[in-house]
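The structure appears below as structure tokens.
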Amino acid sequence: VTPAPSLEFVVLTLFPELFTSFVKTSLMARALRHGKLSFEAVQIRDFATDKHNTVDDTPYGGGAGMVLRPDVLHSAWRSVDDAELRGEGGQLTVYLSPQGRLLDAPLARRLAQIPRLILVCGHYEGVDERFVDECVDLEVSIGDYVLTGGELPAQVLMDAVSRWVPGVVGKEKSVSEDSFEGGLLKYPQYTRPREFNGLEIPPVLLGGNHAHIAAWRQAEREKRTRLRRPDLWERYGRRK
Ligand SMILES: C[S@@+](CC[C@H](N)C(=O)[O-])C[C@H]1O[C@@H](n2cnc3c(N)ncnc32)[C@H](O)[C@@H]1O
């Protein structure tokens, strides 16, 4: 799986300000500065056509809440859609939705191969299904619970995907040793001080024998995965 050398995120949202501190902090800010990532937030409301800047309306058939209008969303999407890139498979439109495919490490890694991701954040009761039919390539959920909007899920997706772009996380090895890589959770980690609240660190980590350390870490990864995530452990067993 080859990640794209840099990634472009375009977010359609009613609340661009929710992304401000996220893109100004830590690895995300550095990656943007170094051109590994680019980010643009598009205000959906700018594409409303009436004098009240209406973006939503009541659901046909009745029911609680408001639904985002397909025409307004479609105009916002059209303003950023790159049809040529889309045709070549270089752009994907993702709607963050509790009804989507669950985001996991393999999906994050696959999305990192696509140079341009348009992320659509719903709000209120969600979006008109016709917008999904017309413009959305993939619906992605970040878990089996319902949030008020797609902005936090979009940030979760951006973070998980960006880690795979070369140079975003300092040492590439640290990504490939993270939890879920190779089907296992990560081993326990320790740093200074050597003794904390009467607790020592495992002696093998002090010995300097790299083969022993690697064997200990692998055994810990397996033990953790077996105890904490029987689902992953079973899949790991099947892969071997
Ligand atoms: C209140 S939710 C709408 C839920 C919708 N009525 C349903 O029951 O499927 C509003 C927006 O939050 C976002 N959202 C909520 N939960 C999410 C999740 N688990 N994963 C991704 N996006 C989510 C979506 O963009 C959604 O349009």
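What follows is calculated from the coordinates using simple rules that are stated; it is not laboratory data. Everything numeric here is computed off the predicted structure, so don't read it as measured data. Note that we place each Cβ from the backbone using ideal geometry, even for glycine, and neighbour counts take in every protein chain shown.
So here's what we get for this one:
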item: Taking the chain and dividing mean pair separation by its residue count, relative contact order in percent (alpha carbons under 8 Å, at least six apart); result: 21 percent
item: Cα centroid separation - the stretch 53-112 against the stretch 19-37, whole Å; result: 23 Å
item: Rg to Rh, two decimals, where the chain supplies the alpha carbon set and Rh follows Kirkwood; result: 1.06
item: Gain upon complete extension [ASP133, GLU234; 0.36 nm per residue less C-alpha separation]; result: 32.7 nm
item: Estimated [θ] at 222 nm from DSSP helical runs (n ≥ 4, -39500 (n - 2.57)) normalised by residues in the chain, nearest 500; result: -10000 deg cm²/dmol
item: Proximal charge balance of TYR124 [Cβ under 15 Å; K/R count +1, D/E count -1]; result: -4
item: Gyration tensor verdict on the stretch 196-240 (Cα atoms; rounded if a/c is under 1.5, prolate if a/b is larger than b/c, oblate otherwise); result: oblate
item: Centre separation in Å (Cα based) which lies between the stretch 187-223 and the stretch 145-178; result: 27 Å
item: The chain: angle of helix 151-162 to the longest principal axis, Cα-based, in degrees nearest 10; result: 50 degrees
item: Mean projected area (nm²) of the alpha-carbon convex hull when the stretch 54-191 is viewed from all directions; result: 10.7 nm²
item: Dipole of the chain, positive direction: furthest Cα of HIS123, VAL94, ALA31, with charges on the beta-carbon; result: ALA31
item: Once the Cα gyration tensor of the stretch 1-62 is diagonalised, semi-axes √(5λ) in Å; result: 32, 14, 11
item: Student exercise, the stretch 1-85 dipole from Lys, Arg, Asp, Glu Cβ charges, in Debye to nearest 20; result: 440 debye
item: Translational D in µm²/s for the stretch 79-120 (Stokes-Einstein at 25 °C, 0.890 mPa s, Kirkwood Rh from C-alpha pairs); result: 219 µm²/s
item: Percentage, to the nearest whole number, of Cα pairs in the stretch 1-127 over 25 Å apart; result: 31 percent
item: Global geometry of the stretch 103-174, whether rounded, prolate or oblate, following the gyration tensor of its Cα atoms and the 1.5 cut on a/c; result: prolate
